[in-house]
1. Looking at the structure I just gave you, is Q335 at pLDDT 95 or above, under 21 Å from A213 (Cβ atoms) and not aromatic (F, W, Y)?
2. Restricting the first residue to region 264-286 and requiring it to be assigned by TED's automatic domain parsing to the domain that holds I247, which pairs with a second residue that is part of a loop (DSSP other than H, G, I, E, B) and small (G, A, S) meet a Cβ separation below 7 Å and a spacing of at least six or different chains?
3. Just need a number here: residues in region 64-78 that are within 23 Å of G2 (Cβ to Cβ) and surrounded by fewer than 21 Cβ atoms within 10 Å (Cβ to Cβ).
4. Kindly evaluate V211 against the criterion of being among the hydrophobic types (A, V, I, L, M, F, W, C), under 17 Å from W354 (Cβ atoms), touching a strand residue (DSSP E or B) at 6+ places or on another chain (Cβ under 7 Å) and not in a loop (DSSP other than H, G, I, E, B).
5. Yes or no: region 107-118 includes at least one residue that is loosely packed, with under 15 Cβ neighbours inside 10 Å, on the phi > 0 side of the Ramachandran plot and not aliphatic (A, V, I, L, M).
6. Can you tell me which residue in region 119-142 is surrounded by the fewest Cβ atoms within 10 Å (Cβ to Cβ), limited to those that are at negative phi, of a type outside the set (V, I, T) and not in a helix (DSSP H, G or I)?
7. Which count do you get for residues in region 170-214 that are under 30 Å from A59 (Cβ atoms) and touching a helix residue (DSSP H, G or I) at 6+ places or on another chain (Cβ under 8 Å)?
8. Among the candidates V298, V367, single out the residue that is assigned to a helix (DSSP H, G or I), aliphatic (A, V, I, L, M), in contact with a strand residue (DSSP E or B) (Cβ under 6 Å, 6 or more places away or on another chain) and not assigned by TED's automatic domain parsing to the domain that holds R400.
Amino acid sequence: MGRIFVPTDETFPRTADAVVIGGGIVGVATAFWLSRAGLDTVLVEMRDGLSTLTTAASAECFRAQFTEPAMVALAKPSIKIFENFAEVVGIPDYDISLQQRGYLFMTDDPDMVDQLKAAVEKHHSLGVTDSEFLTGDEVRARFPYVSPKVIAATFRQRDGWLACHETTYGFAKGSDANFLLRTKATDVLVDGQGVCGVETSRGTISARVVVNAAGPFAAMVGKMAGVEVPIEPVRRQKVIIGLHERIPQDAPMTIDLVNDAYWRPEVRGALLGWVDPDEPIGEPAENLPTDYFFPGIVLEKVARLSPFWEEIADGLKDADVHISAGQYCYTSDDQPLIGPVPEVSGFYMNCGYWAGVMLSPMAGKLVADLITGAMDPRNNPLRPTRYAEGIVVEGDSFLRGRHLEATTARQLQVFVEEH
């Protein structure tokens, strides 16, 4: 069983086969698979607990409705792992509160109907054959609280959400790795052969493999190894509404594609969010401010196609509303960076996520397979060198929150020139 602890001088590990930097769900899943492959694995996390930064701020959802082949290749087996989680981690009856109530992407814009139909056709061609195109009447027959204005939607029942904290700790407990809390990576050490260790706030761990799974701090970790990581962190806020009898608890994750606002049930209340296209690129941060007016904005947006929210909003009190914020991390093609960095032997990426929770199980396994040689790097379409190689496959999945500014383009150009 994995060991999660704050190390002392006596318990601090001085050597490892592999060190993972970052204790979110992506890093912990990576450590799980590395330890399962027989590597002596250590994960370092600067905070007091695992799954306490970006993972905790997520909407905790998963879906297979992607149009990018590489994203589907991660999402489908990840969902299967979620469905069989207790068996995968080897802890009988382990519960991650899996809720497969579906994802509903809906619109009232006639110009988007063909786009939704094309998306479903693409899903099917990539093996997600259970996604559906629904007319407005078909949507309301299943979900009667939806506005009469809705004219089309896509839906997949096996999509849904889970408890991220329990999932992250399930991966940790089911592993053979050591998870060091309150242990900050301060440098990635490199010698003539490549990576040779990680310097931390508690000491140095010698290792020939280091995985950068530091979420919004991944670019900073990359610089420690002399590598530019072309990602941009962007703040995303979410709202939790407390217990309310008018919120349908059998609803799916419900998305208004015209304004990128969404809601889903959450413990007899609801979780709401909005992908603000004007949110600026920021610096990685542990503590993010929230906007006082955001709950009002998002309530107005979700009410557009789910009108019952108007009635709920009228009666809400401040004590009923809780707002928090985390950071998505974007790459230029909205897909993660996974795999080795050629110029620094032993240094691997597993970062650049706006969809880290839902892809984490298979992404962690992919990294482990690349490290152990079980997978040929040339068969990995998400390798960090894909930009320089010209093998980028652009996608158009819904609700990506794509945010590309000139600064990102400049970083990408530097990355291409140096690789």
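The values are calculated or read from the model by the stated rules, or taken from the named source; none is laboratory data. As the structure is a computational prediction, the values presented were derived from the model and not from experiment. In this analysis, Cβ positions are derived from the backbone assuming ideal geometry, glycine residues included, and neighbour counts consider all displayed protein chains.
1. Working: at pLDDT 95 or above: yes; under 21 Å from A213 (Cβ atoms): yes; not aromatic (F, W, Y): yes.
Yes, satisfied.
2. R264/A251; P265/A251; G269/G242; L271/A59; G273/A59; V275/G401
3. Total satisfying the criteria: 1.
4. Numbers: among the hydrophobic types (A, V, I, L, M, F, W, C): yes; under 17 Å from W354 (Cβ atoms): no; touching a strand residue (DSSP E or B) at 6+ places or on another chain (Cβ under 7 Å): yes; not in a loop (DSSP other than H, G, I, E, B): yes.
No: the conditions fail for V211.
5. Looking for residues that are loosely packed, with under 15 Cβ neighbours inside 10 Å, on the phi > 0 side of the Ramachandran plot and not aliphatic (A, V, I, L, M), one finds none in region 107-118, hence no.
6. Pass one, region 119-142, residues at negative phi: 119-126, 128-142.
Pick out the ones that are also of a type outside the set (V, I, T) and you get 119, 121-126, 130-134, 136-138, 140-142.
Those still in the list that are not in a helix (DSSP H, G or I) too: 126, 130-134.
On the way: L126: 20, D130: 13, S131: 25, E132: 16, F133: 17, L134: 22.
For region 119-142, the residue satisfying everything is D130.
7. Within region 170-214, residues that are under 30 Å from A59 (Cβ atoms) and touching a helix residue (DSSP H, G or I) at 6+ places or on another chain (Cβ under 8 Å) number 13.
8. Values: V367 fails: not assigned by TED's automatic domain parsing to the domain that holds R400.
Result: V298 is the single residue among V298, V367 that is assigned to a helix (DSSP H, G or I), aliphatic (A, V, I, L, M), in contact with a strand residue (DSSP E or B) (Cβ under 6 Å, 6 or more places away or on another chain) and not assigned by TED's automatic domain parsing to the domain that holds R400.
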